[in-house]
Amino acid sequence: KPKLFFIQACQGSVGHPAVTVKDEFSGHLETDATPLTSIPDQADILVGMATVEDYECYRCAKTGSVYVQCLCDKMELLCPLRKDLITILTEVNKEVGGRVLNGWKQMPKITSTLRKQLIFQIP
């Protein structure tokens, strides 16, 4: 069973600066369809961090963590549409990364060794 961790914690004491980016093109990935007889001991773990290493993360005194609030909003919106967790977390990254917080940026981080898509079933 997958182990999921969502961590709201600063990883440094400085604000994350903004940079200008150009449009990019994404390639296509292929997967190996050969079934596995065993898996590595670090398989099927996902860690969602509020920010990347060395930088602060932010929370609102009234609504709480910017990262956790955005994650909850995206889960509520996208789970009924059968979106997988990596897609949802990528949307969280896009929204949180697009905000300016206390004059700085915040970039969440996804670390995953999931071997399959994880889709939450809504009862």
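The values are calculated or read from the model by the stated rules, or taken from the named source; none is laboratory data. Since the structure is predicted, the reported quantities are computational estimates derived from the model, not experimental observations. Counting neighbours? That spans all protein chains shown, and the Cβs are built from the backbone with ideal geometry, glycine included. Quick note on the areas: whole protein, heavy atoms, side chains included, nothing else; ligands and nucleic acids left out. Shrake-Rupley method; radii C 1.70, N 1.55, O 1.52, S 1.80 Å.
If the condition is being of a type in the set (Val, Ile, Thr), at pLDDT below 95 and touching a strand residue (DSSP E or B) at 6+ places or on another chain (Cβ under 6 Å), then the range 71-123 contributes only Thr113. In the range 79-92, the qualifying residues are those that are out of contact with any Lys or Arg (no Cβ under 6 Å at 6 or more places or on another chain) and either in contact (Cβ under 8 Å) with a residue 24 or more places away in the chain or open to solvent by less than 20 Å² (accessible area, probe 1.4 Å) (or both), and the one that is nearest to Pro108 (Cα to Cα) is Leu89.
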